[in-house]
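> Take a look at this one; I'll ask things after.
Throughout, read-outs are computed from the coordinates displayed, never taken from laboratory work. Being a predicted model, the structure only gives us computed values, none of them experimental. Because the Cβ atoms are built from the backbone with ideal geometry, glycine has one as well, and the counts that use them run over all protein chains shown.
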């Protein structure tokens, strides 16, 4: 791996995580402080995830067709900065919805662009370890940003979270510029294939693609609403300290993820993909059940640390499986888009359904429902997901 470009990619993942952390549960805290109800917050978050869902496949095809992935990533970062500025300046319904839409589309472009840059930098044979390294830097970045943004939200103002988020796009762009185009080597077949959408039918006939898309959808249906739901409860009970508690709930899993993500990548290369998936997915129903039972900020933070195991499993394995399942074709980002579509569907349903369950039956019932869906996701991996790790002959091909 080229030294300068590899370090640039490390820091790009670090600062990109800084930026994306501002759009996590801090939005729920921010809107709750502006007298939004749980249902209104759930609907607002669902609109953003709906846009993400709708644009995943077109954005994946666009990134596949764009020769300059660095430019695509830069444009996405600028759009995210604009989205953060809208949230900071105008926390009313229309600007919040516009911000969510803009952020959803930009995220659809940014994630696949960085995954493709990683693949072009190290090749398929070293992708698992590179993805683990990406996840480590992203986890450390998220933890750093959670502490910084949580302190700003507590001691300055809720809007300062989003002003800082926009400012953090600047070092992200500097890190992106450090990745040299000469160090990126796309596969030779990339120049031979036409429109990536031409292969959509082939992907939809691939059993591995369909099963993993189902697993992704179930995972996010369970996972997406857990921390926002906990965040609304904390805001009502903890008052001004809510931003610090939410920050700790983000930092704890990021520390776990930073510790284990490279190991998950190496394990996937040596022992296969299913074991990495099972480790990550199994932590999800356990976390949902514990959130239903625990009370108090300290226990909430400890339970939320389990999210680091889930994040490491899905964060490393998703692009690795996409690379496995599209070996020999120019459909890597299109496949990522399909998985992102499944994640978007799960996320859209998750926040809305959990918000309704919490209002009608109480938070404990909502957490129990999310835990049950998490158990279904583990079952799907165990019983239906095929192993996709290439054989030694395929690696050498």
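> Based on the Kirkwood radius over alpha-carbon pairs, what value in µm²/s does the Stokes-Einstein equation return for the translational diffusion coefficient of the stretch 46-108 at 20 °C and 1.002 mPa s?
Reported coefficient: 178 µm²/s.
> Å³ per residue of the Cα convex hull, for the stretch 115-155?
Cα-based convex hull of the stretch 115-155, divided per residue, equals 55 Å³.
> Starting from 0.36 nm per residue, how many nanometres of slack lie between residue 271 and residue 207 once their C-alpha separation is accounted for?
Difference between extended and current length: 20.9 nm.
> Let me ask something else about it. For helix 93-122, report the angle its Cα long axis makes with the longest principal axis of the Cα atoms of the chain; keep it between 0 and 90° and round to the nearest 10°.
The helix 93-122 is inclined about 30 degrees to the chain.
> Divide by every residue of the chain the summed helix terms, -39500 (n - 2.57) for each DSSP H run of at least 4, and state the resulting mean residue ellipticity at 222 nm, rounded to the nearest 500 deg cm²/dmol.
-27500 deg cm²/dmol
> For the stretch 27-76 and the stretch 356-392, compute the distance between their C-alpha centroids and round to whole Å.
22 Å
> Where does helix 242-271 land angle-wise versus the long Cα axis of the chain, in degrees 0 to 90, nearest 10?
20 degrees
> Here's something else I'd like to know. For q = 0.13, 0.21 Å⁻¹, what log10 I(q)/I(0) does the stretch 301-397 give under the Debye formula with an equal point scatterer on each alpha carbon and no solvent?
Values returned for q = 0.13, 0.21 Å⁻¹ are -0.63, -1.24.
> Once the Cα atoms of helix 332-361 and of the chain are each reduced to a long axis, what angle between those two axes, in degrees from 0 to 90 to the nearest 10, is obtained?
Compared with the principal axis, the helix lies near 20 degrees.
> Sorted by average packing, counted as other Cβ atoms within 10 angstrom per residue and highest first, what order do 119-127, 145-153 take? Provide the component values of the computation, followed by the final result.
Details: 119-127: 18.6, 145-153: 22.7.
Descending mean neighbour count gives 145-153, 119-127.
> What FRET efficiency comes out for the pair residue 364/residue 182, r = Cβ-Cβ distance, R0 = 51 Å, nearest 0.05?
Values: r = 56 Å, r/R0 = 1.10.
Once rounded, the FRET efficiency stands at 0.35.
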